[in-house]
Amino acid sequence: MLNIVINKSLKKYNTFGIDVVASEYVKITSEKELIDILATYRTKKIFILSGGSNMLLTKNIEALVIHIAIKGISVETVSNNSVLVSAYAGENWHDFVQYCIQKNYGGIENLSLIPGYVGSAPIQNIGAYGVELKDTFVNCEAIEIASGVKKIFTTTDCKFGYRNSIFKNELKGKYIITKVTFRLTSISHTLNTSYGAIEKALAEKNIETPSIKHIADAVIQIRKSKLPDPSKIGNSGSFFKNPVISSQHFSDVQKSYPNMPSYTIDEHYSKVPAGWLIDQCGFKGKRWGDAGVHKKQALVIVNYGNASGQELLELSITIQKKVFDTFGIRLETEVNII
Ligand code: EPU
């Protein structure tokens, strides 16, 4: 029998550490349990909880919160240098990456230390240091909430984009991802060391022929130096997406801010680091009560203790307004506001 808990605090289940209450909460540890609970609750209000690392809870949740904690990893060797590694949705993402590194399976080492669970990684196509989830993704299994039927989504089906997929758009709230499969290398790895900070970290250690473990360690070191550890200071990583602006808009802003960094997308568009824009507006390291902007990376909004979701949301709106007034650039949130 599944244990449905009434009025459960979600403080421990979101990396911002916001203390809101779920009217009902249940932890699911198998696909069967998930299908059973959906059969009973399909017509009632449900809310799917994964690692809680990409959401800002601004109010109590009047619904059955279904916490997807299904675990397990399996490996299938497909050729000399290729393995298919599948992980259930409730596996912690970083533990999964570490497992792959220990087994010498390459391809996701640049994605070390990203908070959250495997099951939500495809939803926003997690990415860091020149690698995105979609690069090694093969498919994912997901249960349709309305029917309880399982469907397999390939890379094409998922319509991945920058921090985006079909699960954030057409299929938002319609499916629950239960398992994700990756194609990884087992002997000869294709390393991605092009990101400046990784090159620097490897050079400092005189590593000329890096292993996947060296890359993972470099990424862990870089992330720890800039990003707050959610177990110590509440946060959800990058709060905003890096905005894409037209080349014309970019050259207009650049006239006043010649040092503005950018990544060229094509001849029509450029991506600008939101962290830099927010930093320029003077928010970095500022604090209002327990709500603040991280002192080493302005893209990260932090909860120093007892900030409410509403206070953090208000801070994010203040940042959006100031960035718009200063640069004419609209910042979109990366984090889901609930
Ligand atoms: N910058 C500043 N001030 C700041 C922050 C950044 O001037 O306070 C400048 C940096 O000097 C650099 C540029 O902005 O020139 C970009 O900064 P960084 O390399 O730290 O990367 P980012 O664009 O801010 C993105 C991802 C991160 C990911 C890193 C590394 C987004 C929204 N964020 O950050 O992802 O780890 O690149 O690949 O795309 C996340 O999604 O939660 C996340 C942490």
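The values are calculated or read from the model by the stated rules, or taken from the named source; none is laboratory data. Source: prediction; values computed, not measured. Positions of Cβ are generated from backbone atoms using ideal geometry, with glycine treated the same way; all protein chains shown enter the neighbour counts. When the accessible area is computed, the model is the full protein with side chains, heavy atoms only, and any ligands, DNA or RNA have been set aside. Shrake-Rupley method; radii C 1.70, N 1.55, O 1.52, S 1.80 Å.
Could you give every pair whose Cβ atoms fall below 8 Å, whose first residue belongs to segment 147-171 and is without any contact (Cβ under 8 Å) to a residue 40 or more places away in the chain, and whose second residue is loosely packed, with under 13 Cβ neighbours inside 10 Å, counting only separations of at least 6 or pairs across chains?
The qualifying pairs are K159/N169.
Output the residues belonging to segment 264-274 that are open to solvent by 10 Å² or more (accessible area, probe 1.4 Å), of a type outside the set (S, T, N, Q) and either within 20 Å of K224 (Cα to Cα) or more than 11 Å from the ligand (Cβ to nearest atom) (or both).
Once the filter is applied, which keeps residues that are open to solvent by 10 Å² or more (accessible area, probe 1.4 Å), of a type outside the set (S, T, N, Q) and either within 20 Å of K224 (Cα to Cα) or more than 11 Å from the ligand (Cβ to nearest atom) (or both), segment 264-274 yields I265, D266, E267, H268, Y269, P273.
Which residue, of E132, E141, is open to solvent by 20 Å² or more (accessible area, probe 1.4 Å) and within 15 Å of the chain's Cα centre (by Cα)?
Checking each option against the conditions leaves just E132.
Can you find even one residue in segment 300-309 that is within 14 Å of the ligand (Cβ to nearest atom), over 20 Å from G116 (Cβ atoms), open to solvent by 20 Å² or more (accessible area, probe 1.4 Å) and under 21 Å from the mean Cα position of the chain (by Cα)?
No - not one qualifying residue is present in segment 300-309.
Whether any residue in segment 158-173 is under 17 Å from G72 (Cα atoms) and either touching a strand residue (DSSP E or B) at 6+ places or on another chain (Cβ under 8 Å) or assigned to a strand (DSSP E or B) (or both) is what I want to check.
No, because not a single residue in segment 158-173 is under 17 Å from G72 (Cα atoms) and either touching a strand residue (DSSP E or B) at 6+ places or on another chain (Cβ under 8 Å) or assigned to a strand (DSSP E or B) (or both).
Yes/no matrix, rows are residues, columns are (1) out of contact with any helix residue (DSSP H, G or I) (no Cβ under 7 Å at 6 or more places or on another chain); (2) closer than 29 Å to I18 by Cβ; (3) at pLDDT 95 or above:
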position	(1), (2), (3)
I233	yes, yes, yes
P243	no, yes, yes
V253	no, no, no
Y263	yes, no, no
C281	no, yes, yes
F324	yes, yes, yes
R330	no, yes, yes
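If C281 meets every condition in (1) out of contact with any Phe, Trp or Tyr (no Cβ under 9 Å at 6 or more places or on another chain); (2) open to solvent by less than 60 Å² (accessible area, probe 1.4 Å); (3) within 12 Å of the ligand (Cβ to nearest atom); (4) more than 22 Å from S53 (Cα to Cα) apart from one, which number is that one?
The number of the failed condition is (1).
Just for segment 210-241: of the residues that are more than 16 Å from G116 (Cβ to Cβ) and within 9 Å of the ligand (Cβ to nearest atom), which one is surrounded by the most Cβ atoms within 10 Å (Cβ to Cβ)?
Among those residues, the one meeting the criterion is F240.
Residues to consider are S53, S74; find the one that is assigned to a strand (DSSP E or B), hydroxyl-bearing (S, T, Y) and either modelled with pLDDT of 95 or more or surrounded by 20 or more Cβ atoms within 10 Å (Cβ to Cβ) (or both).
Every option except S74 fails the conditions.
Would you call L113 in a loop (DSSP other than H, G, I, E, B), among the hydrophobic types (A, V, I, L, M, F, W, C) and closer than 30 Å to S225 by Cα?
For L113, the condition - in a loop (DSSP other than H, G, I, E, B), among the hydrophobic types (A, V, I, L, M, F, W, C) and closer than 30 Å to S225 by Cα - is met.
Looking at (1) modelled with pLDDT of 95 or more; (2) surrounded by fewer than 16 Cβ atoms within 10 Å (Cβ to Cβ); (3) closer than 29 Å to S79 by Cβ, which is the only condition F182 fails?
(2)
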